[in-house]
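The values are calculated or read from the model by the stated rules, or taken from the named source; none is laboratory data. What you see is a predicted model, and the numbers here were worked out from it, not measured in a lab. Glycine gets a Cβ as well: all are built from the backbone with ideal geometry, and neighbour counts include every protein chain shown.
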Amino acid sequence: MLNFLAVVVLLLSAAPDFTNDKIDHTFIISFNNKVGNNDLHLDSQNYRNSFGEIFTVHQFKYYISNIELRDSISGDSEKFPDKYFLIDEGDSMSKIISLNTSLPHITSIKFMIGVDSLKNVSGVQSGDLDPAKGMFWTWNTGYIMAKLEGESPSAQTAGHRFSFHAGGYKKDENTARVVVLKLPQQQRNNVMIEADAAKWFDALHEIKIEAAPACHEPGKLAVMLADNYSEMFSIPQNK
Amino acid sequence: MKIYKAVILIIFFVIAGISWIGRNNMSERTHLLKFVVPEGWPQPVYDFKNNPLTEEGFQLGRKLFYDGRLSKDGNFPCASCHQQFAAFATYDHSLSHGFHNSLTRRNAPGLFNMAWQKEFMWDGGINHLDLQPLAPISDTMEMAENINDVIQKLRSDEEYRKMFKAAFGDEIINTQRMTKALSQFVLMMVSNNSKYDRVMRGEDSFNLPQKLGYDIFKQKCASCHAEPLFTDLSYRNTGFPVDSFLMDYGRMKITRNAGDSLKFKVPSLRNAQVTFPYSHDGRMFSLLSMMDHYRKSVVKSPTTDSLVKNGIKLSNFEIGQLTAFIYTLTDSVLLRDTRFAPPGYEKRTQQAPAEHQHIYKQ
């Protein structure tokens, strides 16, 4: 029903009316997950991190929230405080975010990778924040902000599995990160953001699979992973 | 173009109107339940605005609480570990039984006065009552993946679809609604009808041992087991050495701060008469052994609480009086309240289960 209402509103807003630039329209953000220069393919492909460790990726998921679109030409910006998106490499629909905005020329985008602390202390949420999505620690409350799992001969674990579950929302253990990206050229309708999983190992801290094959609780390792993944996003030129 | 817009607008208003009428119908169907804060108690911390208590939500929570389908093999509903006659602790079990002959890692605490608690579990690892059911439902400690299975089971059950609709307005069944309903049921378990409470209200009076026990209690125990909840909800190390098999360091696991090593949440002493065995891993089998620990076997470590570091001086006589007082904290009204019995219980009998009646005497 709500969906239907949304469609009606959309139709209304889409009815052409060119006298004013500032009309509601959809802005689509699509995520393209990569490892270095290669596209990410779950399970099937071997990758190599900068330490020469070979690995496959079994799961790659992260929350995107608190999005803000900015229009530096008019100086306006628009926030989307109550929207939380779980980007899951295994679910292609999840990699496309659609927002309703009136900003005519979007020049930069700010967002959080992870879930803000408020939603970590407010009980059980629904939608993409539903704990049933498996991005939640039930014994030590908190969201897993981002998850990278796979196999690597360097992991001295059962099945040579490595699993980085980065979470933690408290002071000094926060793993949510704010990212600001400038668009190469202003956009009205869409932007594509690349996320490079290889950055998890080396962007700001060196994290070798051999030394740390698992992160399953908040703390130092999770924070280092968070620092690293805060660097994984970019917007490619001319696409 | 104008006609096109007008038509869409009309459709919009019709739909908005229908949904508005629908909303009104829904609120007529649910019956609000009143949560009464006992006189002189602090305000509860649970946010009722986000989960208004209704008779329909409560009854749904009750069904869920007693439904084995919330566990993997169907044998372990909440009520298997949280038994009403034990004030919703596990009666006479140091650790509770779970899936596949496993035991829980900790002693199941009684469930009452949860509306006043901000953090749950012995180590306070869970920060909201609504989240608590997810810990036992998900069988691995790491992932919440089989919550989905539970939700699927509920969705395929027509009775549940009806009850979710009655409680929440439509048939949507999700984690949030399931846990909210469970919370509604648990929140109503307020324990404030023990003899102690009646005495405080001026409706009854202590006998001599109880009165002496109360005085000793206020001196030696109440700084942690603070009235009226009989816990200050802080985390303390009372000098129990770590169990070499369980290796449970309590609060430290949550804060990763060595200063929290071996600290556990101060448990309420309400209904302690029926929640034995005691302590976070149930290693103490009686009130006597618990008090013996305080006076004889407190292990000193850097985090041992200064109030118990050198033991609490207690004579045998004082232990007797304290025990008499602690028995006045048994809330037979809660233990027998048929609202918290399995669904349909009222129809079967108006009486409490006979085999456990003896424990209500004091």
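Mind listing whichever residues of segment A:206-239 are more than 19 Å from the chain's Cα centre (by Cα) and within 17 Å of A:R48 (Cα to Cα)? Scanning segment A:206-239 gives A:E206, A:I207, A:K208, A:I209, A:E210, A:A211, A:A212, A:P213. Selection of first residues in segment B:259-284 that are in a loop (DSSP other than H, G, I, E, B) and of second residues that are basic (K, R), restricted to Cβ pairs under 7 Å at least 6 apart or on distinct chains, gives the following pairs, ordered by first then second residue: B:V266/B:R236; B:H280/B:R106; B:D281/B:R106.
Every residue, every condition in (1) surrounded by fewer than 22 Cβ atoms within 10 Å (Cβ to Cβ); (2) assigned by TED's automatic domain parsing to the domain that holds B:G213; (3) of a type outside the set (A, V, I, L, M, F, W, C), yes or no:
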| position | (1), (2), (3) |
| --- | --- |
| B:M247 | yes, yes, no |
| B:R251 | no, yes, yes |
| B:T255 | yes, yes, yes |
| B:F264 | no, yes, no |
| B:R270 | no, yes, yes |
| B:S297 | yes, yes, yes |
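Would you confirm, using the coordinates I've provided, whether B:G239 is touching an Asp or Glu at 6+ places or on another chain (Cβ under 6 Å) and at positive phi? No, not satisfied.
Taking into account only those residues within segment B:46-91 that are polar (S, T, N, Q) and not in a helix (DSSP H, G or I), which is farthest from the other protein chains (Cβ to nearest Cβ)?
Taking segment B:46-91 first, the residues polar (S, T, N, Q) are B:50-51, B:54, B:59, B:71, B:75, B:80, B:83-84, B:90.
Cutting the leftovers down to not in a helix (DSSP H, G or I) gives us B:51, B:54, B:71, B:75, B:83, B:90.
Numbers: B:N51: 8, B:T54: 17, B:S71: 14, B:N75: 20, B:Q83: 23, B:T90: 19 Å.
Only one residue tops the list, namely B:Q83.
Return yes or no: is B:L287 under 18 Å from B:C221 (Cα atoms) and touching a residue at least 60 places away in the same chain (Cβ under 8 Å)?
no
With respect to B:L33, is the statement that it is at pLDDT 90 or above and within 14 Å of chain A (Cβ to nearest Cβ) true? When the stated conditions are applied, B:L33 does not pass them.
The residue list B:K162, B:K153, B:K180, B:K118 contains one member that is among the basic types (K, R) and assigned to a loop (DSSP other than H, G, I, E, B), which is B:K118.
Any idea how many residues of segment A:25-79 are part of a loop (DSSP other than H, G, I, E, B), small (G, A, S) and in contact with a strand residue (DSSP E or B) (Cβ under 9 Å, 6 or more places away or on another chain)? Spell out the reasoning first.
Going through segment A:25-79, the residues part of a loop (DSSP other than H, G, I, E, B) turn out to be A:36-37, A:40-46, A:49-53, A:72-75.
Next, only the ones that are small (G, A, S) stay: A:36, A:44, A:50, A:52, A:72, A:74-75.
Narrowing the set further to residues that are in contact with a strand residue (DSSP E or B) (Cβ under 9 Å, 6 or more places away or on another chain) leaves A:36, A:44, A:72.
Residues in segment A:25-79 being part of a loop (DSSP other than H, G, I, E, B), small (G, A, S) and in contact with a strand residue (DSSP E or B) (Cβ under 9 Å, 6 or more places away or on another chain): 3 in total.
Return the residues of segment B:17-30 that are surrounded by 11 or more Cβ atoms within 10 Å (Cβ to Cβ), modelled with pLDDT of 55 or more and part of a helix (DSSP H, G or I); say none if nothing qualifies. B:R29 - this is the single residue of segment B:17-30 that is surrounded by 11 or more Cβ atoms within 10 Å (Cβ to Cβ), modelled with pLDDT of 55 or more and part of a helix (DSSP H, G or I). Is segment B:102-115 home to any residue that is facing chain A (nearest Cβ under 9 Å) and either modelled with pLDDT of 85 or more or part of a strand (DSSP E or B) (or both)? No: zero hits.
Of the strands (runs of 3 or more DSSP E) lying entirely inside segment A:89-157, the ones with 3 or more residues being within 13 Å of chain B (Cβ to nearest Cβ) are found at A:142-151.
Residue check: B:P277 meets all listed conditions (1) surrounded by fewer than 15 Cβ atoms within 10 Å (Cβ to Cβ); (2) closer than 25 Å to B:Q83 by Cβ but one, namely (1). Restricting attention to segment B:161-186, report how many residues are surrounded by fewer than 21 Cβ atoms within 10 Å (Cβ to Cβ) and closer than 12 Å to B:K63 by Cα. Adding up the residues that qualify gives 0. Just one of the listed residues (A:E231, A:E206, A:E173) is within 14 Å of another protein chain (Cβ to nearest Cβ) and either out of contact with any Asp or Glu (no Cβ under 8 Å at 6 or more places or on another chain) or free of Cβ contacts under 8 Å to residues at least 12 places away in the same chain (or both), namely A:E173.
From the set of residues in segment B:183-206 that are part of a helix (DSSP H, G or I) and away from chain A (no Cβ under 14 Å), which is farthest from B:L53 (Cα to Cα)? If we take residues in segment B:183-206 being part of a helix (DSSP H, G or I) and away from chain A (no Cβ under 14 Å), then B:V199 is farthest from B:L53 (Cα to Cα).
For B:F13, the requirement of being away from every other protein chain (no Cβ under 14 Å), over 26 Å from B:L154 (Cα atoms), assigned to a helix (DSSP H, G or I) and at pLDDT 55 or above is not met. Applying the criterion of being of a type in the set (K, R) and not in a loop (DSSP other than H, G, I, E, B) to the residues of segment B:310-339, the residue that is nearest to B:D292 (Cα to Cα) is B:R336. Any residue that is under 21 Å from B:H82 (Cβ atoms) and among the charged types (D, E, K, R) - is there at least one of those in segment B:252-266? Yes; the residues of segment B:252-266 include at least one that is under 21 Å from B:H82 (Cβ atoms) and among the charged types (D, E, K, R).
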